[in-house]
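Below is one structure, written out as structure tokens, with a few remarks after it.
The values are calculated or read from the model by the stated rules, or taken from the named source; none is laboratory data. Since the model is a prediction, treat every value here as computed from it, not as a measurement. Quick reminder, even Gly has a Cβ in these numbers, built from the backbone with ideal geometry, and neighbours come from all protein chains shown. Each accessible area value is taken on the protein alone, full model and side chains, heavy atoms only, with ligands, DNA and RNA left out. Shrake-Rupley method; radii C 1.70, N 1.55, O 1.52, S 1.80 Å.
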Amino acid sequence: EAGVAQSPRYKIIEKRQSVAFWCNPISGHATLYWYQQILGQGPKLLIQFQNNGVVDDSQLPKDRFSAERLKGVDSTLKIQPAKLEDSAVYLCASSNSGTQTHTQYFGPGTRLTVL
Amino acid sequence: RKEVEQDPGPFNVPEGATVAFNCTYSNSASQSFFWYRQDCRKEPKLLMSVYSSGNEDGRFTAQLNRASQYISLLIRDSKLSDSATYLCVVNILLGRDDKIIFGKGTRLHILP
């Protein structure tokens, strides 16, 4: 079974530039998550989708971050404009909402460096 | 009080020893609990779910104490390959939706 795919794996940009990340979840998984993981910290949930609807985006900095999952499958996360403190690994995860365990399967992440 | 708290460590433990660490949570509406493992520069992966009755998987035992609001992870006969960061995850039921919170993780170093 193919896992969660993310691209790009690495991105270096200057502050005030824009960047976009892409995620393709495991086939059939209705729930998709975007996390931000700063070095030395645990993942912080940015946004959670159930199919193409937003379940939780309470920690998404909406003045600069946006995410969409238009067809309920793959998703993009955008930062515009980027700040130095956005340097982190952006993890995408998916889960099968039909199970009780809520096991999340993570992609390899996109490592963003903002200079 | 933070919603999910873990001792960041590092725990430096000799190979073969037993090690245990806890994770405390503040929201009594927390419903599901998990331990994830994250290797350096890798993505987190589910280690085990934590059930009310406890859960054992080989050398790993996870327990839940709802009265004191903490979960624990015990690793017996530790191996070098157990070196990783262990993330506590709490799933809080809010109406129809869940809120998922990760702890900051506990770093474990198994020493040869």
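Across chain A, Cα pairs under 8 Å and at least six residues apart give a relative contact order of 37 percent. Since only A:S87, A:Q6, A:Y105 are under comparison, the one whose Cα sits farthest along the positive direction of the charge dipole of the protein assembly as shown, derived from C-beta charges on Lys, Arg, Asp and Glu, is A:S87. The residues packed around B:Y86, meaning those with a beta-carbon under 15 Å from its beta-carbon, carry a net charge of +2 if Lys and Arg are +1 and Asp and Glu are -1.
So how far, in whole Å, is the C-alpha centre of the range A:49-94 from the one of the range B:71-112? Computed from Cα coordinates, the inter-centre distance equals 24 Å. Of the accessible area of chain B, computed with a 1.4 Å probe over protein heavy atoms only, carbon and sulfur atoms account for 47 percent. The three principal axes of the C-alpha atoms in chain A carry coordinate ranges of 41, 25, 24 Å, sorted with the longest axis first.
The mean accessible area for residues of chain B, using a 1.4 Å probe and ignoring ligands and nucleic acids, is 50 Å² per residue.
Diffusion of the range A:17-68 by Stokes-Einstein, at 4 °C in a medium of 1.567 mPa s and with Rh set to the Kirkwood radius over alpha-carbon pairs, works out to 106 µm²/s. Given A:K71/B:K104; A:K15/B:K104; A:K11/B:K79; A:K15/A:K44; A:K15/B:K79, which pairs have Cα atoms separated by over 31 Å? Pairs exceeding 31 Å: A:K71/B:K104; A:K11/B:K79; A:K15/B:K79. Dividing the alpha-carbon radius of gyration of chain B by the rule-of-thumb value 2.2 N^0.38 Å gives 1.04.
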